[in-house]
Amino acid sequence: MKIISTFLLLALATSAILAEEGIITTVAGTGHNENNGHEGTADKINIGQPFGVEIGPEGDLFITEVANHRIWQLDRKTSELAVVAGTGEIGYTGDGGDPFEAKMNEPYEVRFDGDGNLFVVEMQNHIVRRIDRKTGVITTIAGTGEAGFSGDDGPATEAHLRVPHGITLDGAGGLYIADIGNHRIRRVDLETGIITTIAGTGENKLPQEGNQAKGHPLPGPRAIAATKDSLYVVLREGHSVWRIEFNSGMLHHIAGTGKSGYSGDGGPAIEATFNGPKGIAVDKAKNIYVVDSENDAIRLIDAKTKTIRTIAGIGRSHDFCGDDGPAVKACFAQPHGICVDAEGTVYIGDTLNHRVRAFRPGDNNKNN
């Protein structure tokens, strides 16, 4: 895999301005979506529709570029960008070879396992692929390349997925897929290659608190994040956030009434409303960060108080503004992906602004 080597574990954010709490800045992208090269400085290279963002094993930031079907790596110390997978052409080729020469179709998110292998979900190819850290070879590990629903309890490479969006790993040999078109969450055992459904029935219907995730509805699971004991799920169609206990399989309602809206800041998260949320991250204190995409806002659910607040975005702006100012005064345009580094810096794929932006939430975020 052609990865820039930084040898800096969990490096600090690109701009020193992030040291000031609550200030937002662009760390990659120009606002244009045309393909203007495969490497260069982050302020000169276009990133068309960035979706997923993730910190890699050596502290670099990885970005999925949906418009040009590529995966980028940002050295957060030097601000140098380079493509690590994808030719820039739409397609489904390259298995068994160099990921830089593979054609992809709308890569949505990337994740890493404990060995540093990279996993990417390609929504329009209906697959998940892996890039081996040691060999650099890319291979499909789930999906056939055709949309559908089939394959449970068999090899994941023979199963059909339907426009999968999010992925995560549990650190115990499980890869989870938000199979949004099938209204299910599916798990691939990375040792055996077997795929199973662990949540959802295919029905577009809200679940109930305390139900078992398996055998009960889960409408539009868009994004997922794992901790040691739980899987956190954002429901796009269900406008809410849920938690699935790994041990018991039980569903717990975390946030959102299930109705579309933008309300609830300062109060209990369970009484708030979202509008098509599409991204989630959980930090080491189990605070939950939700990308409230159609509201153009980033919201934080406090792990201790269970209250919710907006930490970035003015709400329903669908515009670009606010760089080098307070994150709560910034404008977003349908953001998607989110991640949080060990220092507490939040990275956002500001999709229709064709930029990746970052800020560090602080006390000055508490009030708009």
- Query: Can you tell me how many residues in region 152-191 are β-branched (Val, Ile, Thr), farther than 16 Å from GLU109 by Cα and open to solvent by less than 10 Å² (accessible area, probe 1.4 Å)?
  - Reply: 1
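For region 22-51, give me each residue that is outside any strand (DSSP E or B) and open to solvent by 50 Å² or more (accessible area, probe 1.4 Å).
Keep residues of region 22-51 that are outside any strand (DSSP E or B), which gives 22, 24, 29-38, 42-49.
HIS32, ASN33, GLU34, ASN35, ASN36, HIS38, ASP43, LYS44, GLN49 - these are the residues of region 22-51 that are outside any strand (DSSP E or B) and open to solvent by 50 Å² or more (accessible area, probe 1.4 Å).
Go through region 96-129 and report how many residues are aromatic (Phe, Trp, Tyr) and within 17 Å of GLY171 (Cα to Cα). Outline the logic, then answer.
We begin by selecting, within region 96-129, every residue aromatic (Phe, Trp, Tyr); these are 100, 108, 112, 119.
Within this subset, residues satisfying the condition of being within 17 Å of GLY171 (Cα to Cα) are 112, 119.
Residues that pass the stated criteria total 2.
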- Filter result for VAL163 (in a strand (DSSP E or B) and closer than 23 Å to PRO50 by Cβ): no
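Criterion first (in contact with an Asp or Glu (Cβ under 7 Å, 6 or more places away or on another chain) and either crowded, with 17+ Cβ neighbours inside 10 Å or of a type outside the set (Lys, Arg) (or both)) does THR201 satisfy it? Spell out how you get there, then give the answer.
Details: in contact with an Asp or Glu (Cβ under 7 Å, 6 or more places away or on another chain): no; either crowded, with 17+ Cβ neighbours inside 10 Å or of a type outside the set (Lys, Arg) (or both): yes.
Considered against the rule, which asks whether it is in contact with an Asp or Glu (Cβ under 7 Å, 6 or more places away or on another chain) and either crowded, with 17+ Cβ neighbours inside 10 Å or of a type outside the set (Lys, Arg) (or both), THR201 comes out as no.
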- Message: Just the residues that are within 15 Å of GLY56 (Cα to Cα), of a type in the set (Lys, Arg) and surrounded by 18 or more Cβ atoms within 10 Å (Cβ to Cβ), please, taken from region 67-93.
- Response: ARG76
- Query: Of everything in region 295-354 that's among the polar types (S, T, N, Q) and open to solvent by 20 Å² or more (accessible area, probe 1.4 Å), which residue is nearest to the chain's Cα centre (by Cα)?
  - Reply: GLN334
- Message: Checking the structure you have, find out if any residue of region 190-199 is under 21 Å from HIS336 (Cβ atoms), of a type outside the set (Val, Ile, Thr) and modelled with pLDDT of 95 or more.
- Response: no
- Within region 268-299, the residues that are touching a Pro at 6+ places or on another chain (Cβ under 6 Å) and aliphatic (A, V, I, L, M) are VAL290, VAL291
- Query: Quick one: in region 132-151, which of the residues that are under 17 Å from TYR176 (Cα atoms) and either in a loop (DSSP other than H, G, I, E, B) or in contact (Cβ under 8 Å) with a residue 60 or more places away in the chain (or both) is most open to solvent (accessible area, probe 1.4 Å)?
  - Reply: PHE149
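Among the residues in region 284-293, are any within 30 Å of THR144 (Cβ to Cβ) and in contact with a strand residue (DSSP E or B) (Cβ under 8 Å, 6 or more places away or on another chain)? If you could, list the steps in order and put the result at the bottom.
Narrowing region 284-293 to residues within 30 Å of THR144 (Cβ to Cβ): 291, 293.
Still in the running and in contact with a strand residue (DSSP E or B) (Cβ under 8 Å, 6 or more places away or on another chain): 291, 293.
Looking through region 284-293, at least one residue is within 30 Å of THR144 (Cβ to Cβ) and in contact with a strand residue (DSSP E or B) (Cβ under 8 Å, 6 or more places away or on another chain).
Go through GLY258, GLY276 for me and flag whichever is open to solvent by 10 Å² or more (accessible area, probe 1.4 Å), farther than 26 Å from GLY173 by Cα and outside any strand (DSSP E or B). Spell out the reasoning first.
Details: GLY276 fails: open to solvent by 10 Å² or more (accessible area, probe 1.4 Å).
When all the criteria are applied, what remains is GLY258.
The values are calculated or read from the model by the stated rules, or taken from the named source; none is laboratory data. Fair warning: this is a prediction, and the values are worked out from it, not measured in the lab. For neighbour counting, all protein chains shown are included, and Cβ atoms are generated from backbone atoms with ideal geometry for every residue, glycine included. The accessibility values were calculated without ligands, DNA or RNA, using every heavy atom of the protein model including side chains. Shrake-Rupley method; radii C 1.70, N 1.55, O 1.52, S 1.80 Å.
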